[in-house]
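Asker: Below are the structure tokens for one structure; questions will follow.
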Amino acid sequence: LDPYETRPSPRRRIAIGFSRSGYSTELILAIRRLTGAHFTTFGITCTAGCDLLKECDLGLLIGEGQEDGLVMLRSFTTMLIAAQWLFGNDADRAELRCLPQAGQHMMQQQDALRQLAQVAAFDRFVFLASGHDYPLALESGLKVQEMAVATSEAFHSLDYRHGPKACADAQTCVVLFALSDREHGLLLVRDIKALAAKVMVIGADAAAYTQVADLCLVPGAMPAGASASAALMLPVQILAHDTALRRGRNPDAPVNLTKVVVF
């Protein structure tokens, strides 16, 4: 809806829309606006015959991502992997081939994760990340909100010291996607622990935080980088699910939500 972004341009421009259902009203309106602005449009969805595929110039249907629950779990990681495969290079695709093993390794650590989810009556969740992991922090915060109906926030990692930490206490669970700068990451975790919060670290370098964090989850031999993103989401999804159960919520039928936003 930003007239600056849709201004006339001699460049060849493409707009990529993601929607599990392919019927979300806002996305269909955006695709129509962008088509009118002479963008090539590309829709990625998990639903055959949907409006998104009909409206876009190009389309990709990933039926394996379809799911029965209201909350996007498998569909999110499926569309993410598809986009990484499409828009990456040969080296990226070689790394993506390691995802099955990385995901299996993550699932083998779920008992420790579930124990952390039950260790305290957490009423606030904070997700911290930087660089290519920051969107994962946003998605993680959303999963806790949707499934557990609990307070959750997401910040760029080092921003947490500048105000947000005022709310940290023993009922706060902080999840850090391991920083590429290990020194600053370790200092950050130590600062958070001093506030009595519990800290979980996820990522290729998470093992380096073993002495300072409450739980560290490493995706096996997966190379560090954005290719591991789908595997890194698994423990967060489990955390949100188990928190929902602890709080007496139905993670498959969150309040106030519908599977498709249509207006």
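Asker: Suppose only helical runs count, i.e. DSSP H with n ≥ 4. What mean residue ellipticity at 222 nm does that imply for the chain under -39500 (n - 2.57) per run, divided by all residues and rounded to the nearest 500 deg cm²/dmol?
Answerer: -12000 deg cm²/dmol
Asker: Provide Rg and Dmax in Å for the chain, with only Cα atoms included in the calculation.
Answerer: 19.5, 58
Asker: Using a 1.4 angstrom probe on the protein heavy atoms only, line up 217, 70, 58 by accessible area, largest first.
Answerer: 58, 70, 217
Asker: Using modelled backbone amide H atoms (1.01 Å from N, in-plane), which distant-in-sequence or interchain residues come within less than 5 Å of residue 59's amide H?
Answerer: 43
Asker: Classify the stretch 168-240 from the C-alpha gyration tensor, please: rounded if a/c falls under 1.5, else prolate or oblate depending on whether a/b exceeds b/c.
Answerer: Verdict is oblate for the stretch 168-240.
Asker: Still on this structure: Give me, ordered by chain and number, the residues 5 or more places off residue 175 or on other chains with an amide H under 5 Å from its own placed amide H.
Answerer: 126, 127, 128, 200
Asker: Quick one: accessible area per residue over the chain, 1.4 Å probe, rounded to a whole number of Å²? Before the final figure, lay out each step's value.
Answerer: Values: 13150 Å² over 263 residues.
Per-residue value: 50 Å².
Asker: Would you mind telling me the antiparallel percentage of the DSSP bridges in the stretch 1-113, rounded to 5? Please report the intermediate quantities before stating the final value.
Answerer: Details: 0 of 10 bridges.
The answer is about 0 percent antiparallel.
Asker: Still on this structure, please answer the following. Quick one: Karplus J couplings for the stretch 47-59, per residue in order, coefficients 6.51, -1.76, 1.60, θ = phi - 60°, nearest Hz, x for Gly and Pro?
Answerer: So the Karplus estimates, Gly and Pro as x, are 10, 5, x, 7, 5, 4, 5, 6, 7, 8, 5, 10, x Hz.
Asker: What is the percent carbon and sulfur in the accessible area of the stretch 113-263, measuring with a 1.4 Å probe over the protein chains and ignoring ligands?
Answerer: Within the stretch 113-263, the accessible surface is 53 percent carbon and sulfur.
Asker: Return a whole-number percent for the relative contact order of the chain, with Cα pairs under 8 Å and 6 or more residues apart as the contact set.
Answerer: Once divided by the residue count of the chain, the mean separation gives 20 percent.
Asker: Enter the accessible area of residue 24 (Å², nearest 10), with the probe set to 1.4 Å and all protein chains included.
Answerer: In the full protein context, residue 24 sits at about 30 Å².
Asker: Roll a 1.4 Å probe over the protein heavy atoms and report the accessible area of residue 23 in Å², nearest 10.
Answerer: 80
Asker: Give the average over all directions of the projected area of the C-alpha convex hull of the stretch 22-134, one decimal, in nm². Intermediate results must be reported in sequence, preceding the final value.
Answerer: Numbers: hull surface 40.8 nm².
Spelled out: convex hull of the Cα atoms, projected over all directions, averaged, 10.2 nm².
Asker: Helix by helix through the chain, keep the DSSP H runs that span 24 Å or more along the axis on Cα and average at least -1.0 on Kyte-Doolittle, and give those back in order.
Answerer: Helices passing the filter in the chain: 229-246.
The values are calculated or read from the model by the stated rules, or taken from the named source; none is laboratory data. Values in this document were obtained by computation on a predicted structure and should not be read as measured data. Side chains are part of the model used for accessible areas, which takes the heavy atoms of the whole protein and leaves out ligands, DNA and RNA. Shrake-Rupley method; radii C 1.70, N 1.55, O 1.52, S 1.80 Å.
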